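A short write-up of the structure that comes next.
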Amino acid sequence: MSEATMVAAPPVADPSLPYNDTVAGAVVGTWADDTDQALFVAPDKLLALLTHLRDAEQYDLLSSVTCVDYSAYKGKARAGISERFDVVYHLYSTKKGGGPVRLHVRVPDGDTVPSATGVYPGANLQEREVYDLFGITFEGHPNLRRVLTWEGFNGHPLRKDWQEAYFDEETKPFKNRHPAGSYQWHEDKLPWGDNNTYPAGWDPDSWEAPVSYVPVSQAPHRGFGELDTQSIVINLGPHHPSTHGVFRMLTRMEGETILALEPEMGYLHRNHEKIGERNTWLMNMPFTDRLDYINSMSNNLGYALAVEKLLDIEVPERAQYIRVIMAELTRIINHTWSIGFILNDLGALQTPALYAIEEREMILDLFEEVSGARLMCNYMRFGGVVRDLTPGWEERAKYLVHDRLPRALDQLDELLSGNEIVKARGRGVGYLSAQDLIALSVTGPMIRAAGVPYDIRKAEPYCIYDRFDFDIPTLAESDIYARYYIRLLEARESVKILQQALRDLPPGQINAYASATLSQGFGTIMGGKGGYTFRPVEGEAYARVEAPKGELGYYIVSDNKTNAYRYHVRSPSYINLNALGPMSVGYKIADAVVILGAIDIVLGEVDR
Amino acid sequence: MFGTGLLKGLGVTLKHFTDTFTDDRRKEPSRYEGSIKLDDGRRIIDQPITQEGLLTIQYPEERRLLPERFRYIPMLLWDTEIGEDRCTACGICAKVCPPQCIWIVRDSDENGKPITRPAEFYIDVAVCMSCSFCAEFCPFDAIKMNHDYELAVYDRYPQLVYDKEELTVPLEYYAALWPTQFAEEQAHRAKEKEEELRRNEEKKRAAAAKAQAKAAGVAEAGDGAAKPKRSKEELDALKAQAAAKAAAKKEGGADAGAVETGNAEAPVAEDAEAAAKRARLEELKRKAAEKAAQRKKEGGA
Amino acid sequence: MESTMVTDFKDIKQEQMQEFLHDSIQVPDDLQSNVMVTTLDKVYNWSRKSSMWPLLFGLACCAIEMIATAASRYDLARFGMEVMRPSPRQSDLMIVSGTVTKKMAPAIVRIYNQMAEPRYVLAMGACATGGGPFKEGYSVVSGIDKYIPVDVYVPGCPPTPEALIYGLLKLHEKVERQSITTVPWYRKGANEAIPVPVLGPDIFDPRKVQIIKEQTLGAAAAAKGPAVSKARLQPQPMAEDAKARIRAAQAKYRAQKQPA
């Protein structure tokens, strides 16, 4: 599988290639891949093709925009191609479901790409990220600023020739750890003893930070006749209790009404992707735990699915069921947590949140028993899971999903759903139409609360979700109250899935490689000695799961080496923030806090 | 009617309040069902899933019963059965460690020849991400995950860089923390040992048979009467191979012999090294006994 | 080059640290019989440690465990800590719970500067302690102690709620050892604010400008990249006496903690 074979790009567009009959000369080549076909698009025809795909082919969701720097690529597939970068687009259809259309646009260093924001406004944040980390300019982007690093940052860190101050070697494992490991971190070798680097010729005394142009400063100013006031800019964050972490909102206010709101992030940018490209494939697994740190199990699952696409492994039945059970337990944790903190943002401090995360502890106990950790489970492996359930685990889980969890959800419902204050604050606040949300690439409970029954578990089933009987709840209102209530409904559906999964859980292997039991050492799990340094075949893969917050995708590129060549996370929290600005305009500043809470972001995933 | 939702919600909180309040008024609150009471008034709490609500664990006095697979920071095992570190300084843990926080210095003998023992072993706890890959991939069961989480310190350097001494615990400590896995491993080790013995036996037998056959073959060749099955060149190559094998075997045997003689010498005059080793073992045992006793008490076993 | 070696900035709380490490608070002779002060100390420290309000401040994953600590199962209210204040002016303790990134570091230092004395810092988790698994990244500060003095380090990734509470108890112990006569915040002279780091091409500490300049503008700049000083390449093992002192302190601590 994934035997990447290049079809040489013909000089004249081949009419046999897809879409060339309607948008002439748009597709200049294909990269045949067993799973998804990659189409190479001529940069000048990109927008025409995107428009065609959106309007005529119903590919209305621009899921992921990312970039690969092929300058250090060692595989065979890139032979004879001089362009350094590939900008990669994944388009999905919320109407048809099914797989993606994957577009590659090849860009030489220093060239520009037309911005897709005109066709898909949701490309906004992702194109900014590519600009920030790769230095590719998107022509026509309304707000092309750095997003994860800061203005004035030296260089574009995800380029392959960019090295951080802390640089031991290109890839792990580092040779200075064994057999003559002298305890010392790289930063200690630098004269200033910090993990920093400065360009030669730079003078710190004369340094002035570049002032970045933020669009809120140009928001429309509305006068109210005689009572003309001046609009002001109010900054929330990065340290603000309402932002669920370190996140910043710049708001332009007219009195208490928001005229414009611009999210600023990057305060938790932890170089997940750069580290992921130094790591071996397996080493990334515990790092994925720390993306959306409330839902480590779903993160594990998505990454395992992506690498399994390249490895071509059949996951045993029991492991499939265990994976589903863990992912759904995680969803319940996330949704109850999210409900509790929406209420916190509404001003109902503590009590609802405390009630909402009560059952979470019982679920975490179950996680801890099988995986050894409450939060950072690191439980999935390629080909299955790492350890079998412990004796008695199933019974306890059954009691939980048959008795405790339904009861807890009912109690939460009773406590909050009828509450007049919640209704008054939530009804009609933060409205955005379903079309707008999809155009902004929003996924997850947010669009289901706007009446779009789009759930990857049904639209493009992964694992064994097609075996379970469950519904996709939708609500039509698309306001804060609907976003609160949809989470409750989804948690109930998860309980339904859990009941079925625990009923049907078969005995058997827990890992495709599990010829070994625990006592034989897990070194054997990935096929004997060196199992932790296997080499997947050359190619690219994109796997996505319906994470509690939306579509969580992993885009990986392998050049048949022991570490990932490119490792990109399409994180729902980050991309859902596209909608924050449009959603908040016209509401009060106090509502902006709840609107953000109802998007349900986790900063570890936003900034990665 | 306006306000019914509010009242309903308040009813839920009131019920919570009365439930816990009445329970707390009892002499032995039902929330302590399934918990283990220690002699000094402390408790180990293991909330049964059927227990309503969520118990508050009053941490320093009450502790949660940790599951066997709980992982925090790695520890190195001192095999009390053979009186040696289990670690062979193979470096696999350092290689699989995702944040690369393990440093190993392999020991060497007087001649500078590396030997399978770590001279130094560092783990930077301020970097360790508790993923337990080191424990998963160790082929010698030498590194395992410790349950001890009370590690807060006032100063980062050097307390949070654990050296070999701080990391090492005796086998009994591990057995107390991870009883199921320990039993599995012991069974597996015993089986492996048996198998190795059997394999060695077989090898010996095979070698003997081979030697016999060879002798016969040589005799035959010497006779020159029977037609040779192999050409002269082939035979020469085989001979060379056998010689190389024998040499290799001899070397191994010599090593084994050295060990044996070392053992034989030990009782005659306990040299400084052995004494140090023994002292260290005693020290470790004592430490572990302390820890294990505490753990046991907490585990209620 | 050697002469301009960076000074160690960790010594801001050296005095307090020394007090603890030597485990002997030097009471001047004329105060030995001062019952008033020792009793006052007891009341003073008891009241401070029993209502130590933390700053409502979460950075990353560890913040989730911090919330879990404050929630029903572990209940920080038992330590008088349930009042998490969003304002640094009203809080006594900053729990740095999570990865400190370079973009966030100036904000943290500012918040720390705004806290009123006596103030304490607890570095929760591997990231805040020493950069953690993300240490190798280009935008992560390897430990908040590079910028502000830390009182207690809690390792773990993430520390379980019990581990955090244990760290808080260690902090209580530290508070108990302080004396109203020696604490720095009643002394004359203002406590200097910590210079806020600046985001340049990479973050830089205003206190280190001199050495950075030498590297970027001086002779070293001619060589490619920042020069690596040879002296620092040598591993610097811990001094034996320091090791012994720590062990002794730990042993003593353990002996106190565990009734025979």
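Details
- Within the stretch A:170-179, the set of residues being more than 7 Å from every other protein chain (Cβ to nearest Cβ), over 16 Å from B:Val161 (Cβ atoms) and either crowded, with 17+ Cβ neighbours inside 10 Å or free of Cβ contacts under 8 Å to residues at least 40 places away in the same chain (or both) comprises A:Lys175 only.
- Residue in the stretch A:81-94 that is away from chain C (no Cβ under 14 Å), touching a helix residue (DSSP H, G or I) at 6+ places or on another chain (Cβ under 9 Å), more than 19 Å from A:Val27 (Cβ to Cβ) and not in a loop (DSSP other than H, G, I, E, B) present: no
- When the residues of the stretch A:160-177 are filtered to those that are in contact with a helix residue (DSSP H, G or I) (Cβ under 6 Å, 6 or more places away or on another chain) and at pLDDT 80 or above, the one that is farthest from A:His568 (Cα to Cα) is A:Arg177.
- As a summary of the residue check, C:Gly167 satisfies the conditions (1) buried (at least 24 other Cβ atoms within 10 Å of the Cβ); (2) touching a helix residue (DSSP H, G or I) at 6+ places or on another chain (Cβ under 7 Å) except for the one numbered (2).
- None of C:Glu136, C:Glu192 is assigned to a loop (DSSP other than H, G, I, E, B), charged (D, E, K, R), without any contact (Cβ under 8 Å) to a residue 24 or more places away in the chain and surrounded by 24 or more Cβ atoms within 10 Å (Cβ to Cβ) except C:Glu136.
- Search result, residues across the stretch A:569-592 that are surrounded by 23 or more Cβ atoms within 10 Å (Cβ to Cβ) and in a loop (DSSP other than H, G, I, E, B): A:Ser571
- Selection of the stretch C:157-167 for residues being out of contact with any strand residue (DSSP E or B) (no Cβ under 7 Å at 6 or more places or on another chain), more than 7 Å from chain B (Cβ to nearest Cβ) and in a helix (DSSP H, G or I) yields only C:Pro161.
- Residues in the stretch B:96-105 include none that are hydrophobic (A, V, I, L, M, F, W, C), at the interface with another protein chain (Cβ under 8 Å from one of its Cβ atoms), in contact (Cβ under 8 Å) with a residue 60 or more places away in the chain and surrounded by fewer than 24 Cβ atoms within 10 Å (Cβ to Cβ).
- For the stretch B:126-163, a tally of residues being outside any strand (DSSP E or B), charged (D, E, K, R) and more than 7 Å from chain C (Cβ to nearest Cβ) returns 4.
- For A:Leu415, the test of being hydrophobic (A, V, I, L, M, F, W, C) and more than 25 Å from the chain's Cα centre (by Cα) is passed.
- A:Lys76, sole failed condition from (1) basic (Lys, Arg); (2) in contact (Cβ under 8 Å) with a residue 60 or more places away in the chain; (3) part of a helix (DSSP H, G or I): (3)
- Residue match in the stretch B:15-22 (condition: surrounded by 15 or more Cβ atoms within 10 Å (Cβ to Cβ) and among the hydrophobic types (A, V, I, L, M, F, W, C)): no
Conditions tested, residue by residue: (1) β-branched (Val, Ile, Thr); (2) at negative phi.
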| position | (1), (2) |
| --- | --- |
| A:Lys76 | no, yes |
| A:Asp86 | no, yes |
| A:Asn124 | no, yes |
| A:Leu133 | no, yes |
| A:Val147 | yes, yes |
| A:Glu151 | no, yes |
| A:Gly155 | no, no |
| A:Lys172 | no, yes |
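Conditions tested, residue by residue: (1) assigned to a helix (DSSP H, G or I); (2) at pLDDT 90 or above; (3) crowded, with 24+ Cβ neighbours inside 10 Å; (4) touching a helix residue (DSSP H, G or I) at 6+ places or on another chain (Cβ under 8 Å).
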residue: A:Val537; (1), (2), (3), (4): no, no, no, yes
residue: A:Arg544; (1), (2), (3), (4): no, yes, yes, yes
residue: A:Lys561; (1), (2), (3), (4): no, no, no, no
residue: A:Tyr567; (1), (2), (3), (4): no, yes, yes, yes
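- Given (1) over 22 Å from A:Ile472 (Cα atoms); (2) at the interface with chain B (Cβ under 10 Å from one of its Cβ atoms), index of the condition A:Val429 fails: (2)
- Counting only residues that are assigned to a helix (DSSP H, G or I) and facing another protein chain (nearest Cβ under 7 Å), the stretch A:266-293 holds 4 of them.
- Residues of the stretch A:388-396 include at least one that is touching a Leu at 6+ places or on another chain (Cβ under 8 Å) and of a type outside the set (Asp, Glu).
- Residue ID - farthest from A:Tyr355 (Cα to Cα), chosen from residues in the stretch C:70-83 that are touching a Leu at 6+ places or on another chain (Cβ under 7 Å) and at the interface with chain B (Cβ under 9 Å from one of its Cβ atoms): C:Arg73
- Filter result (among the hydrophobic types (A, V, I, L, M, F, W, C), in contact (Cβ under 8 Å) with a residue 24 or more places away in the chain and assigned to a helix (DSSP H, G or I)) within the stretch A:473-508: A:Ile480, A:Ala482, A:Ile486, A:Leu488, A:Ala491, A:Val495, A:Ile497, A:Leu498, A:Ala501, A:Leu502
- Yes/no for A:Leu375 being more than 9 Å from chain B (Cβ to nearest Cβ) and outside any helix (DSSP H, G or I): yes
- Wholly enclosed strands (runs of 3 or more DSSP E) of the stretch B:1-89 bearing at least 1 residues away from every other protein chain (no Cβ under 11 Å) and touching a strand residue (DSSP E or B) at 6+ places or on another chain (Cβ under 8 Å): B:43-45, B:73-79
- Within the option set A:Ser115, A:Ser182, A:Ser71, being over 19 Å from the mean Cα position of the chain (by Cα) and within 14 Å of another protein chain (Cβ to nearest Cβ) holds for one residue only, A:Ser182.
- Residue identified as among the charged types (D, E, K, R) and part of a loop (DSSP other than H, G, I, E, B) among A:Arg407, A:Arg387, A:Arg396, A:Arg425: A:Arg387
- Test result for C:Tyr147, within 21 Å of C:Met115 (Cα to Cα), more than 7 Å from chain B (Cβ to nearest Cβ) and among the hydroxyl-bearing types (Ser, Thr, Tyr): yes
The values are calculated or read from the model by the stated rules, or taken from the named source; none is laboratory data. Being a predicted model, the structure only gives us computed values, none of them experimental. Because the Cβ atoms are built from the backbone with ideal geometry, glycine has one as well, and the counts that use them run over all protein chains shown.
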